[in-house]
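What follows is a set of notes on a single structure, which appears directly below.
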Amino acid sequence: LSSAVTVNDIIASSVSVPALPYSETLNSDSLPLASPDQNVGDQYFYGKAYAVDLQQDEALGIKLYDESEEQDLTLVIYTRENSGDYEYVHHFDTDNYYDDGENVVFKADSSQTYYIVARSRGKSEFSGKLEIERAEISTALDFTGDTAPAPSQGDLWSWNAAEKILTLKDGFDILTFGSSAIRLPAGATLAVEDGAAAKISCYSSNNDDAVY
């Protein structure tokens, strides 16, 4: 595809992702020039689509980077209707012009093929990388009920019920969809071990940005 005139053209030429994780190094040759009527001044527009089969409630972690940090990058998700037309589902654009790209999580609402359109815009030709992997969705940790959750072997957290202290260990990473990732009772303390790095991500059901 040397010149994609519309989004439909880009999706029709999509790359089928055979297995995850998937990564691809992209440049101006492999990321085709997008619709000419979108060109503004001396800026370049590029777009390429990737087809991924997902089951309902499966999630993907998607990263799109520009090596030069001079592109405004966007990820747009589509599905295909019975009529053959492509239906917009969601887009991710953190307005990170001259920045390091998009780093997002997308959750499937139903079981079907999803088309991930990677787009870039900037004053230089594109050179970067796309990474797609499965994102493991966790159950929220809720310590406000009568029975607190107990860590399994290998879990990177501990709960001191008497002092109401939740301690996170190095490498702790929780990703949830809903209203919360961790719920603590009044007066509780959240602690992180010295030198440890922990990540807490909670996305709403419509794939909005996470709260960390």
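Working from label points 7 Å from Cα in the Cα-to-Cβ sense, the Ala150 to Glu163 distance is 2.1 nm. Take Lys63: with every protein chain present and a 1.4 Å probe, its accessible area is about 60 Å².
Taking every alpha-carbon pair within segment 126-176, the share separated by more than 13 Å comes to 70 percent.
Each residue, Asp85 and Ser180, gets one label point 7 Å from its Cα in the Cβ direction; the gap between the two is 4.3 nm. Listed cross-link partners Lys107/Lys169; Lys48/Lys129; Lys63/Lys129 are compared with a 19 Å cut-off, the Cα-Cα value being larger for Lys107/Lys169. Between Glu67 and Asp194, the simple label model (points 7 Å from Cα in the Cβ direction) yields a spacing of 4.2 nm.
The values are calculated or read from the model by the stated rules, or taken from the named source; none is laboratory data. The model shown is predicted, which means the values in this text are computed figures rather than measured ones. Cβ atoms come from the backbone with ideal geometry, glycine included; neighbour counts cover every protein chain shown. For accessibility, only protein heavy atoms count, side chains too; no ligands or nucleic acids. Shrake-Rupley method; radii C 1.70, N 1.55, O 1.52, S 1.80 Å.
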